[in-house]
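Accompanying notes for the structure given below.
The values are calculated or read from the model by the stated rules, or taken from the named source; none is laboratory data. This is a predicted model, so every value here is computed, not measured. All Cβ positions, even for glycine, are placed from backbone atoms using ideal geometry, and neighbour counts span all protein chains on display. The area values use the complete protein model at the heavy-atom level, side chains included, leaving out ligands, DNA and RNA. Shrake-Rupley method; radii C 1.70, N 1.55, O 1.52, S 1.80 Å.
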Amino acid sequence: MSFLQVRNLAKSFGGVQAVADVSFDLGKGELLALIGPNGAGKSTCFNLLYGNLRPDSGSVKLDGLELIGLKPRRIWRHGVGRTFQITATYGSMSVVENVQMALISDAGQSIRAYGRASNLHRDKALSLLDLVGMADQADRATNVLAYGDLKRLELAIALAHDPKLMLMDEPTAGMAPRERLALMALTANIVADRGVAVLFTEHDMDVVFEHAHRALVLNRGKLLAEGSVDEVRANAAVQEVYLGGGTTFGEGGA
Amino acid sequence: MGFIVAQLLTGMANASALFLVASGLSIIFGVTRVVNFAHGSFYMLGAFVAYSAMQVLPGFIGFWASILLAGLAVGLIGLIVEVCVLKPIYKSPELYQLVATFGVILVIQDLALLVWGPEDLIGKRAPGFEGVVMILGERVPAYDLVLIAFAVIVLCALWYLFNRTRAGVLVRAATQDREMVSALGVNQSILFTAVFFLGSFLAGIGGAAQLPKGGADLLMDFNILAAVFVVVVIGGMGSIIGAFVAAMLISILQVFGVHLLPQSTLVLMFVVMAVVLVFRPWGLFGREEQAGEHGGAGPPQEPLRELSGRGRLVVAAVIGALALVPVFGGQFGTVLFADVIIFCLFAASLHYILGIGGLVSFGHAAFYGGGAYTAALLVQYAGTPMELALLLAPLGAGFAAMIIGWFCVRLSGVYFAMLTLAFAQVLWSIVFQWTDLTGGDDGILGVWPSQWASDPVVYYYLVLVLGTGGVLLLRAMAHTPFGYALRGARDSALRSEAIGMNVQFIQWMSFVFAGAMAGLAGGLFVFAKGSVFPTELEIAKSFDALIMVFLGGVQSLSGPIAGASVFTLLQDLLSRFEYWRLCLGLLIIAIVILFPGGIAGAGNWMRSRFSRAEVSS
């Protein structure tokens with residue numbers, strides 16, 4: 001049985017079927033890309049997996065444990081890290097303190113009412129920042145960081161509790177092209193080193209084809225194709241979705 | 001049957017003015033996100049202006065012309081307030097405008113006193129509607145029916161304005177997304193001013209229209225303020241029809257409440273609001289508030305730093321100076337500075353939940369007064385010694401905060417503020433009405449310190465130790481993981497949940513902690529004065545604390561200390577003048593405009609200027 005098992009996930013908003021009957025598997029050490037055009041249901045899928053939304057039906061099993069119905073904070077405790085499409089960090093704290101908060105929470109110290117938070121787990125937080133290349137900015141205020149740096153900080157936060165699975169919603173959005181590839185190379189290394197399973201969404205196909213082991217293609221909430229990146233690239237249905245299938249360009253013209 | 005219909009009509013007539021004022025507040029809040037405390041003052045001004053106009057303008061035409069004139073005059077005053085007072089501070093931190101509008105309340109109070117004098121004025125009967133109408137055998141004042149019709153006409157006019165005119169559609173669009181509206185090329189500045197004019201106009205005609213029924217007096221502003229907030233919140237912020245339904249609901253319930261359960265009237269509307277908010281957290285006709293959309297967020301907050309060596313020196317110097325007060329200040333100074341220290345603790349406890357937690361509580365007096373009453377009741381009925389009572393005061397207040405907070409942390413933004421206000425008001429009315437236990441309005445007297453601390457100087461030192469101890473504890477707590485978790489929940493609740501933190505639990509426990517510290521302040525207060533009255537639980541007390549925190553600066557840990565000191569000392573200094581409210585109000589407005597970051601913010605700014613000057617020289 002695979003590590004993450006998603007079966008028949010469905011969610012509709014009013015009359016819009018945002019996600020319909022999505023099933024897939026993800027193994028340890030695997031880097032799986034979830035791609036699709038805007039509005040395909042990628043972010044909804046993520047919010048369903050992480051407990052931010054409750055699906056109408058379906059099941060998500062992590063190592064045999066049902067995640068549906070659990071709150072995000074419980075899912076995190078089961079070893080799932082998350083980065084957000086629009087970064088969610090603590091603007092009024094320093095960079096290293098952002099990572100420290102995740103470590104404090106992991107150690108069950110978040111309601112400890114004595115001692116200084118900024119002294120706890122600082123070394124481990126610094127080494128995590130070092131891992132993502134942010135060590136030199138550790139004591140800067142988070143609210144002055146460049147967007148690409150915020151994305152890297154999010155990765156460090158997500159890695160803090162040694163997750164078994166990471167959900168990364170557009171981890172490279174807003175970064176320069178070279179930075180994007182570097183960040184995903186870093187992620188790929190971490191996956192290889194630690195055996196973490198990663199599910200990520202991405203719009204940049206260079207990033208996907210370079211690093212993903214496998215890809216899922218969503219369109220209008222439905223799973224359109226699944227397979228190795230080469231298979232997906234060669235898939236006619238996928239090409240039609242991405243390049244437009246003659247609905248806007250007349251076929252007889254050229 | 002006739003009785004019920006007559007009561008229903010009375011309730012609806014009462015709802016009329018309430019709806020007019022509330023719809024104005026709702027429109028202003030919806031577009032500008034300013035919670036306008038001065039809206040009750042506009043209502044009062046409407047009544048006064050209409051009164052004067054009716055002295056001059058005769059007859060049927062004169063009556064209605066006076067109402068229109070009052071609306072226009074008050075609208076103009078609202079416009080002046082918006083342009084002169086609010087425009088300079090729209091970019092300030094969220095809800096900072098509260099303080100400015102509070103200053104406006106004080107100014108208008110004294111101006112009204114100057115112009116119209118202290119006596120209650122009785123409005124003229126409306127020409128043509130002096131008599132009563134018989135409905136199902138009950139006598140109903142004809143003017144009640146006119147008021148109901150008037151409210152319906154205004155409702156229809158507003159509906160037309162907002163749904164059928166370009167300006168109205170712009171206002172609705174701005175209510176939903178003002179950034180988008182301004183991106184589409186609408187002049188936001190003019191829109192805000194226009195909306196303020198309209199909102200004030202509505203408050204003005206509300207005050208004018210009720211003149212034949214209720215007259216005009218100087219207490220009208222605060223008397224209607226709470227009800228107006230309740231109506232706006234029940235109806236949903238920004239919703240006109242919501243304000244109409246809620247005003248009707250509240251007024252009708254109130255009328256029947258008088259007959260069925262007279263004790264309920266003081267608290268009924270707050271109970272209704274609490275019930276509505278628990279089930280529909282954004283009101284009957286409102287929509288869910290999106291995170292971060294209310295108010296200008298202000299400049300991003302800086303990370304907390306440990307106090308530098310120089311900072312510690314300053315703290316030590318301040319405490320040292322306070323310790324010398326009994327030596328140089330005499331008895332007067334000793335009493336005054338005991339008050340200052342107690343209010344510093346009170347304000348710092350509010351700042352903990354408001355500044356660090358981002359949860360704006362409008363009902364913090366519940367815990368201050370709660371602590372005071374806990375101590376007083378223990379002394380009164382159990383003969384508890386002072387030492388034990390001072391220990392139990394924070395526990396009692398913390399217990400109250402535990403119950404109230406459990407409900408409140410489920411909400412956020414303005415709705416959180418209103419629910420805390422509602423609970424505080426419920427607590428106040430219990431204390432006010434349970435005369436057998438609390439003495440009601442007469443309070444509890446004879447709560448004096450133990451023998452060893454009965455000398456004012458000794459008690460002052462006790463206040464100094466416990467008060468500064470409490471403030472330092474609050475400050476230290478901000479640096480602990482618990483304080484960081486609270487700050488994190490404010491910065492990004494999404495992130496906190498995504499790293500395994502229970503945001504509501506953290507906020508709840510912080511609320512309890514802040515409540516307990518306010519309770520300690522209340523306990524210290526009651527032994528300093530020897531007595532306690534329901535005023536310690538009043539809305540005005542909660543507002544005092546809010547003013548102190550905002551005046552001092554939300555973004556700094558030293559803000560509440562500066563704010564409480566300045567506010568208490570100013571109040572003491574100015575209360576010797578006849579028109580002290582005018583002076584205090586103008587001073588507050590001046591501070592707000594000159595120092596948009598609060599007093600502590602101004603201090604930081606000057607320090608950075610100073611150190612830059614040092615570098616360049």
Estimated FRET transfer efficiency (B:SER182, B:ILE135; beta-carbon r; R0 35 Å; 0.05): 0.10
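On average, how many beta carbons from a partner chain sit within 10 Å of the beta carbon of a residue in A:92-100?
Per-residue shielding by partner chains comes out at 5.
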The range B:365-508, relative contact order in percent, only Cα pairs under 8 angstrom and at least six apart counted: 21
Other-chain or far-sequence residues with amide H under 5 Å of A:LYS222's (modelled H): A:ALA20
Using distinct alpha-carbon pairs, which all enter the 1/r mean, Kirkwood radius of chain A in Å: 19.1
Two-site label geometry, B:LYS87 and B:LEU586: point separation in nm, points 7 Å out along Cα→Cβ: 2.1
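What is the range B:406-495 by shape, rounded, prolate or oblate, if you read a ≥ b ≥ c off the alpha carbon gyration tensor as root eigenvalues and call it rounded for a/c under 1.5, prolate for a/b larger than b/c, and oblate otherwise? Don't jump to the answer; show the numbers that get you there.
Working: a/c = 4.45, a/b = 1.28, b/c = 3.48.
Oblate shape, in that a/c is at least 1.5 and b/c is the bigger or equal ratio.
In peptide A:82-90, how many Cβ atoms from other protein chains are near each Cβ within 10 Å, on average? Write down the numbers at each step before the final one.
Details: counts 5, 1, 4, 0, 1, 2, 9, 4, 11.
Going residue by residue through A:82-90 and averaging, the value is 4.
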Ranking by accessible area, most exposed first, for A:CYS45, B:CYS583 with a 1.4 Å probe: B:CYS583, A:CYS45
Pairwise label distance in nanometres, A:GLN85 with A:ALA182, each label 7 Å out on the Cα-Cβ vector: 2.6
Dipole magnitude of the range B:329-548 about its Cα centre (Cβ charges: Lys, Arg +1; Asp, Glu -1), debye to nearest 20: 660
³J(HN,Hα) computed for each position of the range B:557-573 - Karplus, 6.51 cos²θ - 1.76 cosθ + 1.60, integer Hz, glycine/proline x: 5, 8, x, x, 5, 4, x, 5, 5, 4, 5, 5, 5, 4, 4, 5, 5
Residue-by-residue Karplus 3J(HN,Hα) for the range B:428-440, coefficients 6.51, -1.76, 1.60, Hz, glycine and proline x: 4, 6, 4, 5, 5, 9, 7, 4, 4, 8, 9, x, x
Degrees between helix A:95-106 axis and first principal axis of chain A (Cα, 0 to 90, nearest 10): 90
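Leaving ligands, DNA and RNA out of it, report the carbon-plus-sulfur percent of the accessible area of chain A at a 1.4 Å probe. Each step should come with its number before you reach the end.
Working: 5240 of 10730 Å².
Carbon with sulfur: 49 percent of the solvent-accessible area.
Going highest first, how would you order A:187-200, B:70-83 by mean Cβ packing within 10 Å?
Values: A:187-200: 18.4, B:70-83: 22.1.
Highest-to-lowest ranking by the protection proxy: B:70-83, A:187-200.
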Lysines whose Cα lies under 19 Å from that of B:LYS541, excluding same-chain neighbours fewer than 8 positions away: B:LYS529
Charge dipole (the range A:88-146, unit charges on Cβ, about Cα centre) - positive-most of A:MET134, A:LEU145, A:LEU103: A:LEU103
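For every helix of n ≥ 4 consecutive DSSP H residues, a contribution of -39,500 (n - 2.57) applies; sum these over the protein assembly as shown, divide by its total residues, and give [θ] at 222 nm rounded to the nearest 500 deg cm²/dmol. Show your work: numbers first, answer last.
Working: 36 runs with 534 residues, N = 871.
The helix-only estimate for the protein assembly as shown comes to -20000 deg cm²/dmol at 222 nm.
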Cα shape, the protein assembly as shown, gyration tensor, a/c 1.5 rule: oblate
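What accessible area per residue, rounded to a whole number of Å², is obtained for the range A:88-146 using a probe radius of 1.4 Å? Don't jump to the answer; show the numbers that get you there.
Numbers: 2270 Å² over 59 residues.
Result: 38 Å² of accessible area for each residue.
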Table column - 3J(HN,Hα) (Hz), the range B:16-32, Karplus curve with 6.51, -1.76, 1.60, x for Gly and Pro: 4, 5, 4, 5, 4, 5, 5, 5, x, 4, 5, 5, 4, 5, x, 8, 8
Acute angle (nearest 10 degrees) that the helix B:309-323 long axis makes with the longest principal axis of chain B, alpha-carbon atoms: 80
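Quick check on packing: order B:273-282, B:29-38, B:496-505, B:252-261 by the mean number of other C-beta atoms within 10 Å, highest mean leading. Could the numbers behind the result be given before it?
Values: B:273-282: 17.9, B:29-38: 25.0, B:496-505: 22.3, B:252-261: 15.3.
Packing order, densest peptide first, comes out as B:29-38, B:496-505, B:273-282, B:252-261.
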Peptide B:311-318, shielding by other chains (average Cβ, 10 Å cutoff): 0
Angle between chain B longest axis and helix B:39-56 axis [Cα atoms, degrees, rounded to 10]: 40
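Please compare each pair in A:LYS11/A:LYS164; A:LYS124/A:LYS151; A:LYS11/A:LYS151; A:LYS61/A:LYS151 to a cut-off of 24 Å on the Cα-Cα distance and tell me which ones are over it.
Values: A:LYS11/A:LYS164 26 Å; A:LYS124/A:LYS151 19 Å; A:LYS11/A:LYS151 28 Å; A:LYS61/A:LYS151 27 Å.
The answer is A:LYS11/A:LYS164; A:LYS11/A:LYS151; A:LYS61/A:LYS151.
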